[in-house]
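> Mind having a look at this structure? Questions to follow.
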Amino acid sequence: YSAQPFTSGYVWDAFDAIRHIRYGRLWAQADVPFTRFTADVKRQQLPAITWLTTNLAFSEHPPASMCAAENWTAEQVNAIMRSRYWKSTAIVLTWDDFGGFYDQIAPPVINNVGFGPRVPAIVISPYARSGFVAHTTYDFGSILSFIEDVFRLPHLAGNNLSVPSISGMFNFKK
């Protein structure tokens, strides 16, 4: 779910950057307007894995309203929490920016690109460890590693094999 082509926020549509999806038969399933998300939740028509990005107006990027963006995010999370999906869902709320120069800890150096500044993430799930703050160094690939583990998928190429999964943020023995 993302902003549509030629609209603000479309730059965050990750599937547009994956050639075999963008120019293949999967594009019709991948290019879904973000405005359809809550309706698809109500119709019980979500795929097993869903990525949700918004347009600029609800993105928390300046000059957009932070309040409007936070309200929009809460609306999407609440839609899932009130649905049949909730009992088997893990929502990973994260951002593409670090939010300012507040961080006093320099990121570890792993290569010439490095991790860059720390980016916040919040795990929302009935299986999330209550009150838990992770101190593990993750990257965006950690979310993908978790998905690969949960769905028993082969790991993708690249540094994905070396990044830790976010699985430690969950307690599946509830």
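The values are calculated or read from the model by the stated rules, or taken from the named source; none is laboratory data. Being a predicted model, the structure only gives us computed values, none of them experimental. All Cβ positions, glycine included, derive from the backbone under ideal geometry; neighbour counts span all protein chains shown.
> Have a look at ILE122, ILE143 and point out the one that is modelled with pLDDT under 95 and assigned to a strand (DSSP E or B).
On the way: ILE143 fails: assigned to a strand (DSSP E or B).
Matching residue, one of ILE122, ILE143: ILE122.
> Within the range 150-171, can you find the residues that are under 24 Å from LYS87 (Cα atoms) and either of a type in the set (A, V, I, L, M) or modelled with pLDDT under 90 (or both)?
First, pick out the residues of the range 150-171 that are under 24 Å from LYS87 (Cα atoms): 150-153, 165-171.
Result: VAL150, LEU153, ILE166, MET169.
> Here is a list: SER88, SER65, SER59. Which entry is out of contact with any strand residue (DSSP E or B) (no Cβ under 7 Å at 6 or more places or on another chain) and more than 21 Å from ALA121 (Cβ to Cβ)? Please lay out each step first, then the result.
Values: SER88 fails: more than 21 Å from ALA121 (Cβ to Cβ); SER59 fails: more than 21 Å from ALA121 (Cβ to Cβ).
Being out of contact with any strand residue (DSSP E or B) (no Cβ under 7 Å at 6 or more places or on another chain) and more than 21 Å from ALA121 (Cβ to Cβ) holds for just one of SER88, SER65, SER59, which is SER65.
> For the range 9-50, enumerate the residues that are part of a loop (DSSP other than H, G, I, E, B) and loosely packed, with under 15 Cβ neighbours inside 10 Å. Steps first, please.
Taking the range 9-50 first, the residues part of a loop (DSSP other than H, G, I, E, B) are 9, 13, 18, 23-26, 31-32, 43-50.
If the condition is that a residue be part of a loop (DSSP other than H, G, I, E, B) and loosely packed, with under 15 Cβ neighbours inside 10 Å, then ILE18, TYR23, GLY24, ARG25, LEU26, ARG43, GLN44, GLN45, PRO47, ALA48, ILE49 are the ones that fit.
> Identify, by number, the condition in (1) on the phi < 0 side of the Ramachandran plot; (2) modelled with pLDDT under 95 that GLY116 doesn't meet.
(1)
> Output the residue which, of all residues in the range 72-113 that are among the hydrophobic types (A, V, I, L, M, F, W, C), assigned to a loop (DSSP other than H, G, I, E, B) and at pLDDT 70 or above, is surrounded by the fewest Cβ atoms within 10 Å (Cβ to Cβ). Walk me through how you get there before you give the answer.
Taking the range 72-113 as the starting set, the residues that turn out to be among the hydrophobic types (A, V, I, L, M, F, W, C) are 72, 74, 77, 79-81, 86, 90-93, 95, 98, 101, 105-106, 109-110, 113.
Those left that are additionally assigned to a loop (DSSP other than H, G, I, E, B): 90, 95, 98, 101, 105-106, 109-110, 113.
Next, from what is left, pick out any that are at pLDDT 70 or above: 90, 95, 105-106, 109-110.
Values: ALA90: 18, TRP95: 13, ILE105: 7, ALA106: 10, VAL109: 9, ILE110: 13.
Checking each candidate, the answer is ILE105.
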